[in-house]
Amino acid sequence: MTHMPINTRRGFLGLMAAGTCLAVTPARAMTADTATAAIQRAVDEVFAIINSGAAPAQMYQQFEGVFARHADVAAIARSALGPAAREVDQATFAQFRTAMSGYISRKYGKRFREFIGSRIEVGGARQVKSFWSVGSTAYLNGRSPMQVEWHVSDKTGQPRFFNLIIEGVNMLASEREEIRAMLARRKGDVRAVIADLQHAG
Amino acid sequence: MRLAGAILLVSLAGCASAPPGEIADPYEPMNRQVHAFNKSLDANLLRPVARMARLGDGAKAPAEPWTKPYPQGPGAIGIVGNFGSNLSLPGKVVNSLLQGRPQPAWQNTARFLVNSTLGLAGVFDPAGEEFALTEVDTDFGETLHVWGVPSGAYLELPVLGPSTERDLAGKIVDFVLIDPLDNVLTDEQKLAGTAARVVSKAGERAQFGSTVDSVLHDSADSYAQTRLLYTQHRRYELKQEEDVIDPYAD
């Protein structure tokens with residue numbers, strides 16, 4: 001991460017504290033509590049943006065910031081690109097990753113109106129394979145509550161989410177399928193798909 | 001009906017199997033044609049009707065389609081939907097009993113009794129609002145699953161949308177055999193019930209509008225997305241194990 005917006009004094013102090021923690025205990029394993037706390041922070045930030053009443057285009061940019069701070073964007077992009085991720089050079093992958101981040105922020109950000117006046121309650125976490133799954137319940141207006149699972153890993157050194165499971169529907173699997181279809185349409189040309197992604201979502 | 005019977009037999013006799021994590025889709029070319037039909041049906045009929053329903057349902061006409069959150073309360077569509085889904089409860093009770101699950105059978109029975117009386121023939125939902133008796137959704141497809149029948153090949157049905165061989169067989173049995181109200185209701189009442197279910201379908205289209213738009217009209221391969229979403233959600237409903245993606249293990 002080369003660029004990290006530090007908007008507030010608190011954010012800066014938090015960053016210092018996080019850095020100190022990392023320096024003292026470099027390989028401390030994530031616990032259920034730290035995984036849950038990370039998701040709670042991400043959810044709080046998303047609702048702060050939604051309730052700010054900013055213009056949609058501005059919101060998408062802010063969502064992208066939340067995504068950059070709390071998600072493992074590289075892992076998501078690598079997984080979504082599938083086998084092609086191993087064939088492209090680093091510079092192309094970095095472009096794909098940036099395009100993917102904007103595309104996801106727009107695609108899911110567009111749905112923010114469904115969340116106005118609603119809430120997400122973050123619950124407990126359980127360990128799955130090499131990561132943690134944090135449970136939550138989304139209470140949306142006029143709908144039955146939905147179960148949303150957040151898959152969180154600390155492979156980057158910080159707890160970051162890389163997948164969302166909404167009532168059994170796996171977002172990463174869905175994006176894999178989408179990118180596979182976009183690649184097929186472009187006959188496997190990753191650069192063309194990058195260009196398409198910049199306009200998609 | 002004979003075709004349906006044949007499909008039922010095929011489904012129950014030898015279901016297509018797929019490697020774990022993959023969806024058996026031997027009928028993909030046919031399914032894709034049906035999908036194209038369903039998609040144009042949605043674009044030309046359901047989407048415009050749903051949009052009107054949402055506007056007529058208490059929300060003021062917004063300048064652009066998604067500037068307002070969804071209206072609160074049941075509204076006209078919600079009321080018709082309540083009526084239709086109340087009539088579907090006895091069938092669900094029978095299915096829960098066939099699955100050996102008395103708890104949901106009891107819950108749906110109590111819900112049906114409360115809403116048919118206090119809820120004025122199911123128009124309102126006091127059972128859910130006052131007594132926490134929410135609907136437990138089930139169907140004969142789930143009953144077949146409980147009995148050990150595998151899902152079989154993926155199918156996209158005209159109008160009805162994504163399904164599998166097993167779930168299609170389930171739909172037919174639910175429709176033709178299982179509904180205990182068949183013997184009680186008059187033809188007009190049954191027609192009203194069916195009409196109510198169609199209207200509530202339009203209500204669902206309005207409520208899940210942006211999800212449907214995103215999947216059906218914004219994705220690169222809407223057929224593949226629909227297939228994936230249906231399969232995953234169905235497995236979740238049936239409490240089957242989900243595939244886990246671990247990008248750090250690759």
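The values are calculated or read from the model by the stated rules, or taken from the named source; none is laboratory data. Treat the numbers as computed from the prediction; the structure is a model and nothing was measured. We place every Cβ from the backbone using ideal geometry, glycine too, and count neighbours over all the protein chains shown.
Key figures for this structure:
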| read-out | value |
| --- | --- |
| Any hit, the range A:150-173, residues being more than 10 Å from chain B (Cβ to nearest Cβ), aliphatic (A, V, I, L, M), in contact with a strand residue (DSSP E or B) (Cβ under 7 Å, 6 or more places away or on another chain) and free of Cβ contacts under 8 Å to residues at least 60 places away in the same chain | yes |
| Residue match in the range B:145-154 (condition: in contact (Cβ under 8 Å) with a residue 12 or more places away in the chain, closer than 28 Å to B:Pro26 by Cβ and part of a helix (DSSP H, G or I)) | yes |
| Filter result (surrounded by fewer than 17 Cβ atoms within 10 Å (Cβ to Cβ) and either touching a residue at least 24 places away in the same chain (Cβ under 8 Å) or at positive phi (or both)) within the range B:227-239 | B:Glu237, B:Leu238, B:Lys239 |
| Selection count where residues are buried (at least 22 other Cβ atoms within 10 Å of the Cβ) and in contact with a Phe, Trp or Tyr (Cβ under 7 Å, 6 or more places away or on another chain), scope the range B:90-114 | 1 |
| Residue list for the range A:103-134, restricted to those being of a type in the set (D, E, K, R) and under 23 Å from A:Ser153 (Cβ atoms) | A:Lys107, A:Glu121, A:Arg126, A:Lys129 |
| Which listed residue, of A:Ala85, A:Ala99, A:Ala91, is within 10 Å of another protein chain (Cβ to nearest Cβ) and in a helix (DSSP H, G or I) | A:Ala85 |
| Selected residue [within 11 Å of chain B (Cβ to nearest Cβ) and either closer than 21 Å to A:Phe63 by Cβ or in contact (Cβ under 8 Å) with a residue 40 or more places away in the chain (or both)] from A:Phe131, A:Phe112 | A:Phe112 |
| Residues that are acidic (Asp, Glu) and either touching a Cys at 6+ places or on another chain (Cβ under 8 Å) or not in a helix (DSSP H, G or I) (or both), drawn from the range B:155-193 | B:Glu156, B:Glu165, B:Asp179 |
| All helices (runs of 4 or more DSSP H) inside the range B:1-92 with 1 or more residues being at pLDDT 50 or above, closer than 19 Å to B:Asp213 by Cα and out of contact with any Leu (no Cβ under 9 Å at 6 or more places or on another chain) | B:28-41, B:47-56 |
